[in-house]
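Structure first, then comments.
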Amino acid sequence: MRPRGVNRPRQVPDPVPQTDTSPAPSDTAAPAAALPQISHPRNPGLPLDMDWVRRARVNRSGVERRCAALPGRRSVKGAYQAAWLLKAVSLIDLTTLSGDDTPGRVARLCAKARQPVRADLLDALGVTGLTTGAVCVYHEMIAPALAALAGSGIPVAAVSTGFPAGLSPFATRLAEIEASVAAGASEIDIVISRRHVLTGDWQALYDEVVAFRAACGPAHLKTILATGELGTLQNVARASLVCMMAGADFIKTSTGKEPVNATLPVGLTMVRAIREYHAATGQRVGFKPAGGISTAKDALVWLALIKDELGERWLAPDLFRFGASSLLGDIERQIEHHVTGAYSAAWRHPMG
Amino acid sequence: MTVSDLIDSMAYGPAPESAAEALAWLVDRGDRFGCFINGAFTAPGETFESRNPATGEVLALVTQASAADLDAAVAAARKAQPKWARLSGHARARQLYALARLIQKHARLFAVLETMDNGKPIRESRDIDVPLAARHFYYHAGLAQLLATELPGHVPLGVCGQIIPWNFPLLMLAWKVAPALAAGNAVVLKPAEQTSLSALLFADICREAGLPKGVVNIVTGDGAVGEMIVGHPDIDKIAFTGSTEVGRKIRTATAGSGKALSLELGGKSPYIVFEDADIDSAIEGLVDAIWFNQGQVCCAGSRLLVQEGIADEFHTRLRARMTGLRIGDPMDKCIDIGAIIDPVQLARITDMVAAGAGEGVLFQPDCTLPEQGCYFPPTLITGLSPAATLMQEEIFGPVLVGTTFRTPSEAVQLANDTRYGLAASVWSENINLALDVAPKLAAGVIWVNGTNMFDAAAGFGGLRESGFGREGGWEGLGEYLRPDSPAKALKPVRLVAPADAPEPTDPLERTAKLYIGGKQARPDGGYSRAVHGTRGRILGHVGLGGRKDIRNAVQAARKAQPGWAAASGHNRAQILFYVAENLSARAAEFTDRLHAMTGGTKAHAQAEVEASLERLFTYGAWADKFDGQIKGVPIRGAALAMNMPVGVIGAFCPDEAPLLGLISVMAPAIAMGNACVLVPSEPFPLAATDFYQVLDTSDLPGGVVNIVTGAHASLADPLATHLDVDAVWSFSSSDISAGIERAAAGNLKRTWVNQGRARDWAGDAGAGRAFLRAACEVKTVWIPWGA
């Protein structure tokens, strides 16, 4: 066996010569106006390295032990906790993905994204300018979202490619990305074809994601692995690597529609893949756990996981997002508790 | 710092656990403690300071128990024990259950007190030590409940003296007290002088639980008190956890006293990572292996063995992980590494690293240590050779040392290249590789793709100089029981003297030789002695074996043992049956020989041969039936309790039953896969020397059984001091038990000696599970799984 990483240069920003499969040079220049928080070069991807993919090993019991111990190992209290929770707010992709979404509903959500925490509480903490990381909607809601967020600098993300199952015709899926980018979405959350993972057709997965990335153009590509449907953590690790090689800007756990969504073991597996990819290529790829993260305590544990496994650089909206809808409400109540010392009620905080 | 600044820094900040309740408990008790004897605290006597190693602050004054205190404690235990043992198992189970419940009810108080007294992170005392201690009492409540029906014919030992270390004060107390009480013993326990407080809190809950007075007694103090316990004439068993050095002294001190002994000692446990392991999980495992409890763990995975091809990558990632470890105030809930127990231990770690690190590459992350208190940074030293001191000696601190290997067999060889044998970890995603390597490791506990997993249901304990005996599970309970069979004194069986005018030897007399490595061998010393029949007639000559013959026999046994252990149980059974078949064919000859040597009736001799045949069948039957167990541990996976052969067993066979005794000792040993060096009946050795011809014709591989005739008193020392012998048994009528136990301290070999008591070789006591257990080490292999 070849030792890991030996054949790959370390800490080199772009080790890969441009090939037909790599993104066009114009892709790499992100429009700064739309994504003010972007401060690192986009991941250009790599040719598919099957040796590396096959080397990926994940011991489920080991991963679970780490995840079980983490909440006991890391505790954040007092003003630090308030700061961590506000940071978490800035990392939320505030999401609505329902069949009954309307422009009015989306406008309300966007208003919440602009002012996620009650002004008096932020004043008490001396914090200004806090927004969520993005707003995440279906294609048809991009325009209302853009209108509602105008001038805020908050990006609009659209789920795409036949979300959540990803089984519509390939051409349709590409066209959907292009339409959403044309409509002004600066981030595209695609779903991968789970069957490629389940049948071990890594080349097909790679080709698919490369095509999605090309279709995204300047918009950032988040690849949803739908980990609840991939069977094993080893598959999660391998799919993570393939998506990063194919040029994903973010890898994301779930659509929120699978029976099991963002679990810590899945997150740890993906985060370690990101770390390994960074160590080997110098490229930073973002991470978005989505679905099932609903309490302030959950958010703190996830942030500790990111801080300890990936490092503080990842605790920023250009590299980490929570895909969540109800998390914000719990955080707001915790913030009020921190400010007043009294436990709060949901109805004391404006709904989104 | 403002919240805005903190949002930018995303630092963890302080997260202190409150010490208030624990301090209030100490104040309530006057900050001064006496001993806990007969259900009450004595007035404090001469006291010493118990300090918080994280701050240096004095927490309380604790009594240095006097000889009178210990006498009182032992007397209270002695008085209480019969009544406690007479309670039904159910009644004892209720008491143990109450203790478990009370530990849970006071869980946070125990955890905080433990961390303040010991310096371990509050996370560990809260999430690991205290829950495991409670679990231990629950589990043993269950054993008490089942004992009478599951282990009939066993009785408690009596009064147990228990001496525990400072690294897991409450947990080690639980490991000692729970099985002793479940089995019906009373205890006198001494916590380490650095960490007495949780034991004193436990004394409090014994009262709260309504435990009968005198069943648990706690005497505090330093090693001098421990020495008094070891030497106390009215204590029946010593259970000790601590250093190998002290364990050796205890072995020597208790030799010949008749005290039962279990020792859980040091380790230098290997942590093996194969190239197909989940590297990140293996690295995280190291955090739990060597940076758990500041590395002050007897079973710490302290010797890292990484397959050469991944070593650079592994070490790089490991260093990065080390950089993320947080060291500091153990009462902080966001700390990975707390304080070293005391300045003495800190100096020891510092000195060892200073002296040895130059032989390898040292890495310590750039971390700030608290200005006060005893702290040592997480340390990695790679590139060491197996000969380096740091690869051989236990450091008992947060220091990981390592080297590389090429192949699975080299990994096993390096892993086993140690005097210790407590624990080991194997990391590989290949089930064939992991399960092949695990049982080959010389350790009592083996974790596959994991480390430092503990549970009351699974036995814990070591091989080699890591001690003997198990804690946890049925096997642990066995350390506190004995068979209910009162034994009479064994009268010495004397050599038969020659007649005044001995008859001349038959010129064609078959020369009885030693039997070594499957070959007949003349004794190295070149001496032999005549064996006389009861009327003084010379029956033959027998070689007088000596030190060098023992050396040769042990060498042959060592060589033969691995192959014999690798043979299937069925295969070993076939050979035992074949031995019986060949003995049966010569039954008449053996009957005559026994009759002529021992002077008993012919019928008696015939019965001995018959019993010998039956015994061979018994162990032929057992060879493939002494099954291990799968323990009900709380993981997704299994903990296998495997009955593994001890290795090379040296045995002094009974004098009074020349053939049956020899076979009763030999058969269980070889049935379980051991090789043995047998010293046959001293007065009547010719049955044994005839017997090697039977072995020779029975397909037994050479070296599995070696026979050295000679004087028991002169062979006891060479066999018991031999460092390549794993166990010595003696059923001799010579007075050699004490000498064997004393000499066994050299490599802490297991001993099973008769202390001058007789055994009915023809009856139930002559065979069975006691022999099988002595012929095996329980090796616990933890195998977590998960797709």
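The values are calculated or read from the model by the stated rules, or taken from the named source; none is laboratory data. All values derive from a computational prediction rather than experimental measurement. With ideal geometry, Cβ positions are generated from the backbone for all residues, glycine too; neighbour counts draw on all protein chains shown. Side chains included, ligands, DNA and RNA excluded: accessible areas come from the protein's heavy atoms. Shrake-Rupley method; radii C 1.70, N 1.55, O 1.52, S 1.80 Å.
For segment B:245-277, name all the residues that are open to solvent by less than 10 Å² (accessible area, probe 1.4 Å), not aliphatic (A, V, I, L, M) and not in a strand (DSSP E or B).
Residues satisfying the conditions are B:G247, B:R251, B:T254, B:G266, B:G267, B:K268, B:F274.
Given the criteria surrounded by 16 or more Cβ atoms within 10 Å (Cβ to Cβ), among the aliphatic types (A, V, I, L, M) and not assigned by TED's automatic domain parsing to the domain that holds B:A720, does B:A573 qualify?
yes
Determine which single condition B:T404 fails, assuming it passes every other condition in (1) open to solvent by less than 20 Å² (accessible area, probe 1.4 Å); (2) more than 21 Å from B:C298 (Cβ to Cβ); (3) of a type in the set (S, T, N, Q).
Single failed check for B:T404: (1).
Could you pull out the residue among B:G161, B:G119, B:G142 that is farther than 21 Å from B:C334 by Cα, open to solvent by less than 10 Å² (accessible area, probe 1.4 Å) and in the same structural domain as B:I218 (by TED's automatic domain parsing)?
Of the residues listed, the single one that is farther than 21 Å from B:C334 by Cα, open to solvent by less than 10 Å² (accessible area, probe 1.4 Å) and in the same structural domain as B:I218 (by TED's automatic domain parsing) is B:G161.
Given the conditions (1) under 19 Å from B:T389 (Cβ atoms); (2) open to solvent by less than 10 Å² (accessible area, probe 1.4 Å); (3) not basic (K, R), report the number of the one that B:G338 does not fulfil.
Every listed condition holds for B:G338 apart from (1).
Please state which one of A:T227, A:T269, A:T255, A:T223 is β-branched (V, I, T) and farther than 18 Å from A:G162 by Cα.
A:T269
Can you pull out every residue in segment B:4-28 that is more than 9 Å from chain A (Cβ to nearest Cβ) and polar (S, T, N, Q)?
Matches in segment B:4-28: B:S18 only.
Which of (1) among the hydroxyl-bearing types (S, T, Y); (2) surrounded by 14 or more Cβ atoms within 10 Å (Cβ to Cβ); (3) at pLDDT below 95 does B:S50 not meet, given it meets every other one?
Unmet for B:S50, out of (1) among the hydroxyl-bearing types (S, T, Y); (2) surrounded by 14 or more Cβ atoms within 10 Å (Cβ to Cβ); (3) at pLDDT below 95: (3).
With open to solvent by 10 Å² or more (accessible area, probe 1.4 Å), assigned to a helix (DSSP H, G or I), over 30 Å from B:P233 (Cβ atoms) and among the polar types (S, T, N, Q) as the only criterion, which of B:Q95, B:Q81, B:Q104 stands out?
The match here is B:Q104.
Considering segment B:39-64 alone, what residues qualify as being in contact with a Ser or Thr (Cβ under 9 Å, 6 or more places away or on another chain) and among the hydrophobic types (A, V, I, L, M, F, W, C)?
B:A43, B:F48, B:A54, B:V58, B:L59, B:A60, B:L61, B:V62 - these are the residues of segment B:39-64 that are in contact with a Ser or Thr (Cβ under 9 Å, 6 or more places away or on another chain) and among the hydrophobic types (A, V, I, L, M, F, W, C).
Residue by residue, here is whether (1) surrounded by 17 or more Cβ atoms within 10 Å (Cβ to Cβ); (2) part of a helix (DSSP H, G or I) holds:
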position	(1), (2)
A:G162	yes, no
A:L174	yes, yes
A:G200	no, no
A:C243	yes, yes
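Which residue out of B:T709, B:T721 is of a type outside the set (G, A, S), out of contact with any Cys (no Cβ under 7 Å at 6 or more places or on another chain) and open to solvent by 10 Å² or more (accessible area, probe 1.4 Å)?
B:T721
Among strands (runs of 3 or more DSSP E) lying entirely in segment B:615-678, which contain 3 or more residues that are in contact (Cβ under 8 Å) with a residue 12 or more places away in the chain and surrounded by fewer than 21 Cβ atoms within 10 Å (Cβ to Cβ)?
Once the strands (runs of 3 or more DSSP E) in segment B:615-678 are filtered for at least 3 residues that are in contact (Cβ under 8 Å) with a residue 12 or more places away in the chain and surrounded by fewer than 21 Cβ atoms within 10 Å (Cβ to Cβ), what remains is B:637-645.
So, restricting to helices (runs of 4 or more DSSP H) that lie completely within segment A:71-126, which ones have at least 3 residues that are open to solvent by 50 Å² or more (accessible area, probe 1.4 Å) and more than 14 Å from every other protein chain (Cβ to nearest Cβ)?
A:103-114
For segment B:203-226, enumerate the residues that are among the hydrophobic types (A, V, I, L, M, F, W, C) and either touching a helix residue (DSSP H, G or I) at 6+ places or on another chain (Cβ under 6 Å) or open to solvent by 10 Å² or more (accessible area, probe 1.4 Å) (or both).
Selection gives B:I205, B:A209, B:L211, B:V215, B:V216, B:I218, B:V219, B:A224.
Return the residues of segment A:47-70 that are within 9 Å of chain B (Cβ to nearest Cβ) and under 30 Å from B:I7 (Cβ atoms); say none if nothing qualifies.
The answer is A:V63, A:R66, A:A69.
Do any residues in segment B:770-785 that are buried (at least 24 other Cβ atoms within 10 Å of the Cβ) have Cβ atoms under 6 Å from those of residues that are among the polar types (S, T, N, Q) and not in a helix (DSSP H, G or I), where the two are at least six apart or on different chains, and which pairs are they?
B:A775/B:N674
Are there any pairs with C-beta distances below 9 angstrom linking a residue in segment B:715-734 that is in a helix (DSSP H, G or I) to a residue that is of a type in the set (F, W, Y) and buried (at least 24 other Cβ atoms within 10 Å of the Cβ), with the two at least 6 apart or on different chains, and if so which?
B:L715/B:F652; B:A716/B:F652; B:L719/B:F652
Could we say that B:K559 is under 30 Å from A:E64 (Cβ atoms) and surrounded by 14 or more Cβ atoms within 10 Å (Cβ to Cβ) here?
no
Name the pairs: first residue in segment B:358-374 and without any contact (Cβ under 8 Å) to a residue 12 or more places away in the chain, second residue in a loop (DSSP other than H, G, I, E, B), Cβ to Cβ under 9 Å, at least 6 apart or on different chains?
B:T368/B:G328
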